[in-house]
């Protein structure tokens, strides 16, 4: 796993795993959104990227059937997931309830695919 911010760490921050593939246009368009989120939430969240073609066993372990897929881990447990292309607001809505110091609770969250999103949401 690699992080858009270039580092990996052994701290207690939540880990958002971005399952992608170089061949996936939607995943490539989400790269900048996740890099921005990693910078913005650097004290509460670590973002790591997994190429499903290079690490298929890890994708299988997390039941990734399409890319892009985001899986939020707390400790070793997946607490939220988002499949398919997403905009910044959807990604933040996925992670915010689970971040330390957030206003809302941290129950399991799942967001399904929503293929009718507009292109301009991802600029």
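The values are calculated or read from the model by the stated rules, or taken from the named source; none is laboratory data. From a predicted model like this one, the values you see are computed outputs, not experimental measurements. When we count neighbours, we look across all protein chains shown, and the Cβ atoms used for this are built from the backbone with ideal geometry, even at glycine.
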(message) Among the residues in region 96-109, are any surrounded by fewer than 18 Cβ atoms within 10 Å (Cβ to Cβ) and at pLDDT 95 or above?
(response) no
(message) For region 30-52, which positions are surrounded by fewer than 16 Cβ atoms within 10 Å (Cβ to Cβ) and either closer than 17 Å to residue 84 by Cα or touching a helix residue (DSSP H, G or I) at 6+ places or on another chain (Cβ under 8 Å) (or both)?
(response) 31, 32, 36
(message) Being touching a strand residue (DSSP E or B) at 6+ places or on another chain (Cβ under 6 Å) and over 15 Å from residue 18 (Cβ atoms) is the filter here; which residues of region 53-79 pass it?
(response) 74, 79
(request) Output the number of residues of region 66-87 satisfying the condition of being surrounded by fewer than 17 Cβ atoms within 10 Å (Cβ to Cβ) and touching a helix residue (DSSP H, G or I) at 6+ places or on another chain (Cβ under 8 Å). (result) 1
